[in-house]
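Structure first, then comments.
The values are calculated or read from the model by the stated rules, or taken from the named source; none is laboratory data. Not measured: the values here are computed from a predicted model. Methodologically, a virtual Cβ is constructed for each residue, glycine included, from the backbone with ideal geometry; neighbour enumeration extends over all protein chains shown. The area values use the complete protein model at the heavy-atom level, side chains included, leaving out ligands, DNA and RNA. Shrake-Rupley method; radii C 1.70, N 1.55, O 1.52, S 1.80 Å.
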Amino acid sequence: MARARRTTVLEAEAWLTRELEGHRGEVLFGRLTATPLVDAPHQLTLTRVFREFCEAEERQSGLKCLQGIGLWLPTGPEDFAVPDLSIVEADFQDTHVQHNCYAPHAFRLVLEVTACNWSDDLCLKVECYAQAGIPVYLIVDRRHDEVLLYQDPVDGMYPEPRRYKRGQRVHVPESVGATFELSVDALLDGDD
C-alpha cells in the first residue's frame, strides 16, 4: 500500500495564506504562524518610517525600503519571516532563495510593530534575526509602550537592546546606510 505524500511546512503556509484571507504566514523555528491584518495605527507607523527613510534615501544610495518582503532564515530548513518593514540592498532581488524570500545578507534593518502576536516579535524573531545576522532589528512594542533597538549580533545573539520611551527619539544606526531619527511617540501612536 502506497503512503500518501506528507505536506511540507511551506505547502501548509501557502494553503493557510490562501484560505485565511487577510492573514500572512511565517515559519519560525519550524512553527507555522498566521498573522491577521494590521490595524490603522500599525499601518500609519510603517508609512511614517517609510516616508522618513525615503527622505534619507535621497541623500543615500544603494538601499530600498520595502514592506512585507520575505526573509529566508537559517533557523530551520523551511523557516522564513515577513518583517513589517525592511531596509535592503538595492540588488536584493539577486539574493532570491525560494518562496518569495531573500537571503539575510541583503537586509540592513528589519522593523516589526507588535500586534496580537507580540510575543513572536519580542522573543522568537529576536533570536531568528540574530541568527540570520540582521545588523539592526527595531521593534515598536505597543504592548509595553516602548521601542527596542537591537543591533550588531555576535555569534547569533544580539546584545541587550537599547530601550526608548515616549518623548525620546530613535537614531537609526549609521550601519544601516541611511541615517534618520524617529519619534518614539509617533512610532507608538502611528501618527505625526
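Cβ-Cβ distance below 7 Å, separation of 6 or more or different chains: which pairs start in the range 4-33 with a residue that is farther than 16 Å from Gly70 by Cα and in contact (Cβ under 8 Å) with a residue 24 or more places away in the chain and end on one that is charged (D, E, K, R) and surrounded by 14 or more Cβ atoms within 10 Å (Cβ to Cβ)?
Thr8/Glu78
Working only within the range 165-177, note down all residues that are open to solvent by 80 Å² or more (accessible area, probe 1.4 Å) and either of a type in the set (A, V, I, L, M) or under 20 Å from Gln43 (Cα atoms) (or both).
Residues satisfying the conditions are Arg166, Arg169.
Evaluate the range 150-164: report whether one residue or more is crowded, with 20+ Cβ neighbours inside 10 Å, within 13 Å of the chain's Cα centre (by Cα) and either on the phi > 0 side of the Ramachandran plot or not basic (Lys, Arg) (or both).
Within the range 150-164, one or more residues are crowded, with 20+ Cβ neighbours inside 10 Å, within 13 Å of the chain's Cα centre (by Cα) and either on the phi > 0 side of the Ramachandran plot or not basic (Lys, Arg) (or both).
Please go through the range 10-23 and give me each residue that is under 13 Å from His99 (Cα atoms), open to solvent by 40 Å² or more (accessible area, probe 1.4 Å) and either within 20 Å of the chain's Cα centre (by Cα) or at pLDDT below 75 (or both), ordered by number.
Thr17
Could you please let me know if Gly68 is open to solvent by less than 50 Å² (accessible area, probe 1.4 Å), small (Gly, Ala, Ser) and modelled with pLDDT under 95?
yes
Would you point out which residue out of Phe80, Phe107, Phe53 is among the aromatic types (Phe, Trp, Tyr) and more than 13 Å from the chain's Cα centre (by Cα)?
The conditions single out Phe53.
Determine whether the range 26-48 contains at least one residue that is hydroxyl-bearing (Ser, Thr, Tyr) and assigned to a loop (DSSP other than H, G, I, E, B).
no
I'd like the residue in the range 96-117 that is open to solvent by less than 20 Å² (accessible area, probe 1.4 Å) and not in a strand (DSSP E or B) and, out of all such residues, is farthest from Val176 (Cα to Cα).
Thr114
Exactly one condition in (1) open to solvent by less than 60 Å² (accessible area, probe 1.4 Å); (2) aromatic (Phe, Trp, Tyr); (3) over 25 Å from Leu10 (Cα atoms) is false for Phe92; which is it?
(3)
Yes or no: the range 178-185 includes at least one residue that is open to solvent by less than 60 Å² (accessible area, probe 1.4 Å), in a loop (DSSP other than H, G, I, E, B) and small (Gly, Ala, Ser).
So far as the range 178-185 goes, yes, one or more of its residues are open to solvent by less than 60 Å² (accessible area, probe 1.4 Å), in a loop (DSSP other than H, G, I, E, B) and small (Gly, Ala, Ser).
Given (1) open to solvent by 20 Å² or more (accessible area, probe 1.4 Å); (2) within 23 Å of Arg162 (Cβ to Cβ), where does Gly62 come up short, assuming only one miss?
So Gly62 meets the others, but not (2).
Among the listed residues Pro74, Pro83, identify the single one that is open to solvent by less than 10 Å² (accessible area, probe 1.4 Å) and in a loop (DSSP other than H, G, I, E, B).
Unique residue meeting the criteria: Pro83.
Across the range 118-143, what is the number of residues that are open to solvent by less than 10 Å² (accessible area, probe 1.4 Å) and under 12 Å from Val88 (Cα atoms)?
The qualifying residues number 2.
Output the number of residues of the range 27-53 satisfying the condition of being at pLDDT 80 or above and either of a type in the set (Ser, Thr, Tyr) or within 30 Å of Phe180 (Cβ to Cβ) (or both).
Number of matching residues: 17.
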